[in-house]
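Visitor: Quick one: the structure is below, and I'll ask about it shortly.
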Amino acid sequence: MPNIASVLKEEIARLVRRQFRSETENLKKASSRYRFDIAALKRRIEALEKQISRLEKMASPKNAMPAADKGSETKLRFKPQGVRAQRTRLELSASKMGALVGVSAQTIYNWEAGVSRPKAEQLTAFAAVRKMGKREVKARLDQMQAD
């Protein structure tokens with residue numbers, strides 16, 4: 001016949017194993033749920049990173065577009081000889097040419113000499129003068145004097 005102490009010891013061991021099993025099952029379930037949540041979060045991060053990369057690719061041409069528009073404004077070619085050629089073609093002095101473009105006569109001389117280059121606004125104004133004829137230039141100068 002078994003000893004009461006050994007039966008008690010076996011019963012205690014059985015109860016402890018049962019208690020551990022229930023506790024570890026809860027921990028296993030929680031661990032499994034956490035792993036599932038972590039995997040879902042990783043998938044979500046990956047999807048969001050792909051979406052960000054697609055949006056950056058889509059945004060970069062849009063950012064390049066205004067730069068291209070700005071580039072088309074500054075795409076106007078400038079040569080110092082061109083300033084001189086326009087002045088002689090329109091039969092203008094440097095001060096009159098400067099008045100049309102909105103700069104001083106000295107600036108026109110500096111452009112012709114290649115010492116400086118016009119700013120973007122000045123270059124667009126110069127391009128507008130380049131498209132004018134002698135009559136239009138004379139009319140514009142007369143209008144400027146009248147104002």
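Quick note: the coordinates plus some simple rules give every number you see, no bench work behind them. Everything quoted here is computed from the prediction, not taken from an experiment. Note that each Cβ is placed from the backbone with ideal geometry, even for glycine, and that neighbours are counted across all protein chains shown.
Visitor: Out of these labelled values of mean projected area of the Cα convex hull in nm², [x] 18.8; [y] 12.8; [z] 10.7, which was calculated from the coordinates shown here?
Guide: [x]
Visitor: Let me ask you something else. Can you tell me how much longer the chain between Lys28 and Val16 gets when fully stretched, taken as 0.36 nm per residue apart minus their C-alpha distance, in nm with one decimal?
Guide: 2.6 nm
Visitor: Using r as the Cβ-Cβ distance of Asp142 and Ser93, and R0 as 25 Å, what FRET efficiency do you calculate, to the nearest 0.05?
Guide: For R0 = 25 Å, the calculated efficiency reads 0.95.
Visitor: Before rounding to the nearest 500, sum -39500 (n - 2.57) across all DSSP H runs of length at least 4 in the chain and divide by the residue total; then give [θ] at 222 nm in deg cm²/dmol.
Guide: So the helix-based figure for the chain works out to -29000 deg cm²/dmol.
Visitor: Here is a further query. Provide the gained length on full extension for the span Glu56 to Gln81, in nm with one decimal, where the gain is 0.36 nm per separating residue minus the Cα-Cα distance.
Guide: Extra length available between Glu56 and Gln81 comes to 4.7 nm.
Visitor: What lysines could a cross-link reach from Lys75, if we take a straight Cα to Cα line under 28 Å and drop same-chain neighbours fewer than 8 places away?
Guide: List returned: Lys57, Lys62, Lys96, Lys119, Lys131, Lys134, Lys138.
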